[in-house]
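First comes the structure, then the notes that go with it.
Nothing in this text is a laboratory measurement; each read-out follows from the coordinates by a stated rule. In this text the structure is predicted, and so the values were computed from the model without any measurement. Here the Cβ is made from the backbone with ideal geometry for all residues, glycine too, and neighbour counts use every protein chain on show.
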Amino acid sequence: MRHPDAEVTVLEREPAIAAHQTGHSSGVIHAGIYYRPGSLKARLCVEGARELYEYCEQRGIRAERAGKVIVATEPGELPRLDELERRGHENRVPALRRIDADELREIEPHATGIAALHSPVTGVVDFRQVAAALASELTAAGGTISTGVGVEGISAGAAGVTLRHGGGAVRAKAAVFCAGLWSDRLAVMAGASPDPRIVPFRGAYLSLRPERQDLVRTSIYPVPDPDLPFLGVHLTRDLDGSVHAGPSALMVGARDAYRLTRFRARDLASTLAWPGTWRMVRRYWRTGLTEMRRAASRRAFASEAARFVPELRTSDLVHGHGGVRAQALARDGALVDDFVVSRTEHAIHVRNAPSPAATSCLALARLIADRAEGELP
Ligand SMILES: Cc1cc2nc3c(=O)[nH]c(=O)nc-3n(C[C@H](O)[C@H](O)[C@H](O)COP(=O)(O)OP(=O)(O)OC[C@H]3O[C@@H](n4cnc5c(N)ncnc54)[C@H](O)[C@@H]3O)c2cc1C
């Protein structure tokens, strides 16, 4: 839009867009509460959520500010709830408010807790519809989306960058790589460092039986473990009224492990050969065992959610959908938390765009466009 004469082509390996993380998310428009003040996540989530609501309104996409509560169930969680409240205010999350147990009951009659945060602007949307709207805008402006075109080789020279794929090659003055679960591979192909590596984590959901969906009016989240970049098992009401419990966070053997039993030799080797994997396992093996138990047992999942919705029973849960997250893992075993955007010759790489990157997509796009204008020829 800034350069109407520029020729823009999107190369997508799958037969359709949004086939991976964007098409498998929880559909939550996050408000920006959790993220470290000053981080890209904090800034781009708050800006992005505001812009996304505006965009959905302009484009006629249904997006609802349904609201959400983050519930502390025991005194030991209160300092972390305080910290979330502090972060939320510092990040300028609109209308964020501390509530007591009675107010919690008014918002979520079946939830129990000793204190909570209420975020009325957290919402829900179908990110596949957002992606489709962006795609139609791009093509209407003269851009091209080529599906079924997987980039297999990258070379940069004085004149620009060449992207090789099964059907030939595309030459461009500059390239922006947003390859999600495969972002590290494309960055390395373009000459970047192998650090961080993408390790796939499967996030599976269970759904509440239709007759039990009234246990949840909006979205109910626990106070998360501050050491992990995951939000904990939560209950979310979708636009169609269905309620999902999850997700799990289980390291898996394929970057497209939409079935738990899927393994790919290259993906597994890439995870196991990375020193960061073993450092992470040494640090988080207890959490890993809990996640394995949860993935194997509906009862373990139900008892986690029943901490804040005590009426919830194992028999209320049925099979739900799942996705695979691209989690960037540093060589030293740190789970990279913030968004990471880096450079190679004639190219920009989005190397870590986990949740809330779908919420932040318009703000993140502006950051990429600013860097492209400032740094690329
Ligand atoms: C289970 C789950 C729940 C989530 N819930 C939320 C949520 O509620 N709210 C939120 O804001 N975020 C959520 N997220 C995070 C969000 O989905 C992602 O941050 C976001 O979708 C990332 O978008 P992306 O474009 O970077 O990656 P993707 O959507 O994964 O897209 C990457 C694309 O690159 C393509 N590609 C890869 N390699 C190549 C190649 N060699 N050549 C050509 N194309 C290639 C892929 O086919 C894919 O289409 C969730 C994620 C998961 C997994």
### Task
Quick one: angle between helix 361-375 and the longest Cα principal axis of the chain, in degrees between 0 and 90, rounded to 10, please.
30 degrees
### Task
List the relative contact order of the chain as a percent without decimals, with contacts defined as Cα pairs under 8 Å and 6+ residues apart.
22 percent
### Query
Percent relative contact order of the range 140-202, based on C-alpha pairs within less than 8 angstrom and at least six residues apart?
22 percent
### Query
Placing +1 at every Lys and Arg Cβ and -1 at every Asp and Glu Cβ, with all other atoms neutral, what dipole size does the range 101-167 have around its Cα centre, in debye to the nearest 20?
460 debye
### Task
Please report, in debye to the nearest 20, how large the charge dipole of the range 173-251 is about its Cα centre when each Lys and Arg carries +1 at its beta carbon and each Asp and Glu carries -1 there.
200 debye
### Size descriptor, Kirkwood hydrodynamic radius, that averages inverse alpha-carbon separations across the range 230-303, Å
14.1 Å
### Query
Using the alpha carbon gyration tensor of the range 1-141, what are the three equivalent-ellipsoid semi-axes (square root of 5 times each eigenvalue), largest first, in whole Å?
35, 16, 14
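How large is the helix-only mean residue ellipticity at 222 nm for the chain, computed as the sum of -39500 (n - 2.57) over DSSP H runs with n ≥ 4, divided by its residue count, in deg cm²/dmol to the nearest 500?
-9500 deg cm²/dmol
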### Message
What number results when the radius of gyration of the range 225-348, computed over Cα atoms, is divided by 2.2 N^0.38 Å?
### Response
1.22
### Summary
Measuring from its Cα centre, the chain shows a charge dipole (+1 at each Lys and Arg Cβ, -1 at each Asp and Glu Cβ) which, in debye to the nearest 20, is 1100 debye
### Qualifying trypsin sites (Lys or Arg not before Pro) in the range 139-196, DSSP loop, other Cβ atoms within 10 Å at most 14
LYS173
## Note on the structure
Taking placed amide H atoms and a strict 5 Å upper bound, the residues 5 or more places from LEU312 or on another chain that come that close are none
### Query
Can you give me the Cα centroid spacing of the range 170-228 and the range 58-89 in angstrom?
20 Å
### Query
To the nearest 0.05, what FRET efficiency results for HIS3 and ARG343 with a Förster distance of 22 Å applied to their C-beta separation?
0.65
### Summary
In degrees rounded to 10, the 0-90 angle between helix 127-140 Cα long axis and the longest Cα principal axis of the chain is 30 degrees
### Query
Principal axis lengths of the chain from Cα atoms, whole Å, largest first?
65, 45, 37
### Task
Could you tell me which trypsin sites (Lys or Arg not before Pro) in the range 14-100 are loop residues by DSSP with no more than 12 other beta carbons within 10 angstrom of their beta carbon?
ARG62
### Task
Using +1 at the Cβ of each Lys and Arg and -1 at the Cβ of each Asp and Glu in the chain, identify which of ALA49, ALA204, VAL10 lies farthest towards the dipole's positive end.
ALA204
